[in-house]
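Encoded as structure tokens, the structure appears first; notes follow it.
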Amino acid sequence: MNKILLINDMAGYGKVATAAMLPILSYYGLSVYNLPTALVSNTLDYGKFSIMETTDYMEGVLPVWKDLGFKFDAIATGFIVSHRQADMVTKYCKEQAALGTKIYVDPIMGDEGKLYNGVDDSRIAVMREMISVADITFPNYTEAAYLTGHTYKEEGCSEEEAVEMLDGLVKIGAKSALITSMRINGKDCVIGYNHENGERFVLTFDYVDAHFPGTGDTFSAVLIGRLAKGDNLKVSTQKAMDAIRQMVLVGKNDADKNKGLPIEKCLYML
């Protein structure tokens, strides 16, 4: 894998979405291209923000790329603004997948049991559309619960319930799946299923009490970067978990955590 397209939003202020993923994937030696789904003034954690949807722009871009014969080894999708946009991106991903392109879907909707600011229930159906074309999807626990119709529990869930959610993502259409930020039987975990070898795995981690936006985007970038290097899904997941923990520890004393993780300071850790 060399050429990767990011279909995600672009924040003017803050290391989230494309702004978080681009430096990491570039550091791994990938040629990174981008198609913004929205232009966002700043991370949503500041409480006040401006978003401009770019669906009309995207509709103009994709036919031009098709005429020019642009192809990608992988596509990573993130924040999708509307059903119209999801239909367009899903169709494009299906076309590219038929040419051998890997499709990675981060169904960005919410965290900590609730949807993000500016996201409503209609986004659930939109993200199910995206997952239906995914080689790998990696929602957090909140997103997986919404997507599979399970109830989010603040105290976490049993391994049986986690497996049911994981299987639910596969039933939607994903070949392989991860669920991040889970608490299973009292332990903080990431649970995963790799369709290539039929392996299901649970990886535990030590929670660091510091909140940063963009940790999911950073996780997915490291995960994809390691997969591109040839690591399998379980190993790539563990390395992504380790990288997030290290970055959080580096930035945990920052006065303004709303701007995201200190990614550039931490690239050498990858």
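Checking Val208 against (1) under 15 Å from Met241 (Cβ atoms); (2) at pLDDT below 95; (3) in contact with a strand residue (DSSP E or B) (Cβ under 9 Å, 6 or more places away or on another chain), only one condition comes out false. Which one?
Of (1) under 15 Å from Met241 (Cβ atoms); (2) at pLDDT below 95; (3) in contact with a strand residue (DSSP E or B) (Cβ under 9 Å, 6 or more places away or on another chain), only one is false for Val208: (3).
Collect the residues in segment 104-144 that are among the charged types (D, E, K, R), in a loop (DSSP other than H, G, I, E, B) and free of Cβ contacts under 8 Å to residues at least 60 places away in the same chain, keeping them in residue-number order. Give the steps one after another, and end with the answer.
Start the filter on segment 104-144 by keeping residues that are among the charged types (D, E, K, R), which leaves 106, 111-112, 114, 120-121, 123, 128-129, 135, 143.
Adding the requirement that they be in a loop (DSSP other than H, G, I, E, B) leaves 106, 112, 120-121, 135.
Matches in segment 104-144: Glu112, Asp120, Asp121, Asp135.
Go through segment 191-229 and give me each residue that's open to solvent by 40 Å² or more (accessible area, probe 1.4 Å) and part of a loop (DSSP other than H, G, I, E, B).
Answer for segment 191-229, where residues must be open to solvent by 40 Å² or more (accessible area, probe 1.4 Å) and part of a loop (DSSP other than H, G, I, E, B): His195, Glu196, Asn197, Gly198, Phe205, Asp206, Tyr207, Asp209, His211, Lys229.
Looking only at segment 170-181, which residues are at pLDDT 95 or above and either under 23 Å from Ala20 (Cβ atoms) or not hydrophobic (A, V, I, L, M, F, W, C) (or both)? Show your work before the answer.
Applying the first criterion (at pLDDT 95 or above) to segment 170-181 yields 170-180.
Residues satisfying the conditions are Lys171, Gly173, Ala174, Lys175, Ser176, Ala177, Leu178, Ile179, Thr180.
Within segment 12-30, track down each residue that is open to solvent by 40 Å² or more (accessible area, probe 1.4 Å) and among the small types (Gly, Ala, Ser). Even if it seems obvious, please write down each step before you answer.
Keep residues of segment 12-30 that are open to solvent by 40 Å² or more (accessible area, probe 1.4 Å), which gives 12-13, 15, 22, 26-27, 29.
Matches in segment 12-30: Gly12, Ser26, Gly29.
Would you please name the residue that is nearest to Ala228 (Cα to Cα), looking only at residues in segment 27-42 that are in contact with a strand residue (DSSP E or B) (Cβ under 6 Å, 6 or more places away or on another chain) and hydroxyl-bearing (Ser, Thr, Tyr)?
Restricting to residues being in contact with a strand residue (DSSP E or B) (Cβ under 6 Å, 6 or more places away or on another chain) and hydroxyl-bearing (Ser, Thr, Tyr), the top hit is Ser31.
State all residues of segment 64-74 that are among the small types (Gly, Ala, Ser) and under 22 Å from the mean Cα position of the chain (by Cα); if no residue qualifies, say none. Give the derivation first.
Residues of segment 64-74 among the small types (Gly, Ala, Ser): 69, 74.
Scanning segment 64-74 gives a single hit, Ala74.
Yes/no per residue for (1) polar (S, T, N, Q); (2) within 19 Å of the chain's Cα centre (by Cα); (3) farther than 20 Å from Glu129 by Cβ:
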{"position": "Gly47", "(1), (2), (3)": "no, no, yes"}
{"position": "Ser50", "(1), (2), (3)": "yes, no, yes"}
{"position": "Leu62", "(1), (2), (3)": "no, no, no"}
{"position": "Ala76", "(1), (2), (3)": "no, yes, no"}
{"position": "Val81", "(1), (2), (3)": "no, yes, no"}
{"position": "Gln85", "(1), (2), (3)": "yes, yes, no"}
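The values are calculated or read from the model by the stated rules, or taken from the named source; none is laboratory data. Owing to the predicted nature of the structure, the values given are computational and were not obtained by experimental measurement. When we count neighbours, we look across all protein chains shown, and the Cβ atoms used for this are built from the backbone with ideal geometry, even at glycine. We work out accessible area using only protein heavy atoms, side chains counted, and drop any ligands, DNA or RNA first. Shrake-Rupley method; radii C 1.70, N 1.55, O 1.52, S 1.80 Å.
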